[in-house]
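Scroll down for the structure; my scribbles are underneath it.
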Amino acid sequence: LSLEDVIDADELVAWSNRVEAEIGSDPQYLSELKVDGVALALRYQDGELTTALTRGDGRSGDVVTANALTIVGLPPRLPPRWRERLPGRPRSIEVRGEAYLSLPRFRELNRLREEAGLPQLANPRNAAAGTLKTLDTAAVAARGLSLFCYQILGLDGEETGLATHRDEMAALGELGLPVNGFLRLAEGAAQIAAHLAELEGLRDGLDHVIDGAVIKVDELALHPSLGATAKAPRWGLAFKYAAQEATTRVRDVVLQVGRTGVITPVAELEPVLLGGTTVQRATLHNWDEIARKDLRVGDAVVVAKGGEIIPKVVRVLVGERPADARAVPSPQRCPVCATPAVRPEGE
Ligand code: IVH
């Protein structure tokens, strides 16, 4: 399954009210990071990593065992007395987590792609997904995928016997699996909201992209009784932060020519701090987009980064347009080879 997304405090309160009404008391909740990557299921049989699968569409994914074994910090085998850490003593377990590319690794990958004349990857999630599908395992290892684990299940009808999600995270760590250190225990919606605000403050300093936080009912025995919709369990929730925005000015619009000859207009901006990085360029996609936004060189614009790393121009502040703002004509010729530029009907 997936998780239900909410974007504001009211929806969070509505969810916790539903949970509390359902179980008839006030449970404890845990908040943790929602890393934006690719969900993996890792099967350990008798302590050996035998299979790694991507979540795919939730029913079928890809077997990516060799690639997963290159993940930094993922143990191919659990420590000798691993079963003693799990009260149910299962022989086989499935560990679930999110594989991702850290921001430094992602930037390096895009730098190499630029050198090779390949298009930029828009965000680390796409980069992680593409990396896991790569057939050359040595190339995958060079990319340096990371992992953050958040669930452990017994297989073949056996249980882990763990009572709380807190204990689940502690067990994962003790079995040598990578877990994230941000984990906050809350008594109700007000405390959860405080933890979400704390995390939002830390967000820009993280070395990876998060698209929000995940909130879970801590006591695992309550999960089945809370049930699920067709898409998502009711014991958990994804809280998505709003896209980060900043205002700046368009200095120029330059033409980028891709390998296939497609010309893309790119805005060069007055540098502005956004989501922990200085933004100086934003893609404008094409001339329809420029016309739709009525964007001109010299305009003040709002730029945003959602889950995407390459920022977008969200809107033009037309009221702040200087008298000398100039329109961006579509090119007559390719800026690289001077061949006449063409625009096929409908493209
Ligand atoms: S728990 C029923 N915890 O977000 C699914 N998921 O929107 C329960 N994710 O498929 C998943 N960080 O790929 C969980 N700390 C976290 C997570 C997390 C990222 C991803 C995961 C999941 C998706 C759900």
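The values are calculated or read from the model by the stated rules, or taken from the named source; none is laboratory data. Model, not experiment: these values are computed from the prediction. Cβ: placed from backbone, ideal geometry, glycine included. Neighbour counts: every protein chain shown. Note: areas computed on protein heavy atoms with side chains; ligands, DNA, RNA excluded. Shrake-Rupley method; radii C 1.70, N 1.55, O 1.52, S 1.80 Å.
General observations
- Residue in the range 20-40 that is more than 10 Å from the ligand (Cβ to nearest atom), in contact with a Ser or Thr (Cβ under 6 Å, 6 or more places away or on another chain) and open to solvent by 60 Å² or more (accessible area, probe 1.4 Å) present: no
- Scan the range 151-173 for residues that are touching a strand residue (DSSP E or B) at 6+ places or on another chain (Cβ under 7 Å) and over 18 Å from Pro224 (Cα atoms) and the total you get is 4.
- Selection count where residues are open to solvent by 30 Å² or more (accessible area, probe 1.4 Å) and part of a helix (DSSP H, G or I), scope the range 162-177: 5
- Only a single item in (1) within 23 Å of the chain's Cα centre (by Cα); (2) within 28 Å of Ile93 (Cβ to Cβ); (3) surrounded by 15 or more Cβ atoms within 10 Å (Cβ to Cβ); (4) more than 16 Å from the ligand (Cβ to nearest atom) is not met by Gly154, and it is number (1).
- Check on Gln244, of a type in the set (S, T, N, Q), away from the ligand (no atom under 12 Å from the Cβ), open to solvent by 40 Å² or more (accessible area, probe 1.4 Å) and touching a helix residue (DSSP H, G or I) at 6+ places or on another chain (Cβ under 9 Å): yes
- Residues of the range 5-19 classified as surrounded by fewer than 17 Cβ atoms within 10 Å (Cβ to Cβ) and either more than 8 Å from the ligand (Cβ to nearest atom) or over 27 Å from the mean Cα position of the chain (by Cα) (or both), total: 9
- Filtered by the rule that a residue be within 16 Å of the ligand (Cβ to nearest atom) and in contact with a helix residue (DSSP H, G or I) (Cβ under 6 Å, 6 or more places away or on another chain), the range 99-126 gives Ala99, Tyr100, Leu101, Pro124.
- No other residue among Val303, Val266, Val328 is under 15 Å from Ala246 (Cβ atoms) and either in contact with a Lys or Arg (Cβ under 9 Å, 6 or more places away or on another chain) or part of a strand (DSSP E or B) (or both) apart from Val303.
- In the set (1) over 30 Å from Ala14 (Cβ atoms); (2) of a type in the set (Gly, Ala, Ser); (3) open to solvent by 30 Å² or more (accessible area, probe 1.4 Å), Ser146 fails one condition alone, (3).
- Inter-residue pairs, beta-carbon under 7 Å, first in contact (Cβ under 8 Å) with a residue 40 or more places away in the chain and in the range 175-202, second open to solvent by 70 Å² or more (accessible area, probe 1.4 Å) and not in a loop (DSSP other than H, G, I, E, B), 6+ apart: Leu185/Arg166
Conditions tested, residue by residue: (1) aliphatic (A, V, I, L, M); (2) away from the ligand (no atom under 11 Å from the Cβ); (3) open to solvent by 70 Å² or more (accessible area, probe 1.4 Å).
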{"site": "Leu183", "(1), (2), (3)": "yes, no, no"}
{"site": "Ile192", "(1), (2), (3)": "yes, yes, no"}
{"site": "Ala197", "(1), (2), (3)": "yes, yes, no"}
{"site": "Asp211", "(1), (2), (3)": "no, no, no"}
{"site": "Glu219", "(1), (2), (3)": "no, yes, yes"}
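- You will find that of Ala142, Ala99, the residue that is under 26 Å from Lys305 (Cβ atoms) and of a type outside the set (Ser, Thr, Tyr) is Ala99 and no other.
- Which listed residue is more than 16 Å from the ligand (Cβ to nearest atom) and either open to solvent by 80 Å² or more (accessible area, probe 1.4 Å) or more than 19 Å from the chain's Cα centre (by Cα) (or both), from Arg59, Arg55, Arg77, Arg96: Arg77
- Subset of the range 286-300 [surrounded by 14 or more Cβ atoms within 10 Å (Cβ to Cβ) and not in a helix (DSSP H, G or I)]: Asn286, Leu295, Arg296, Val297, Gly298, Asp299, Ala300
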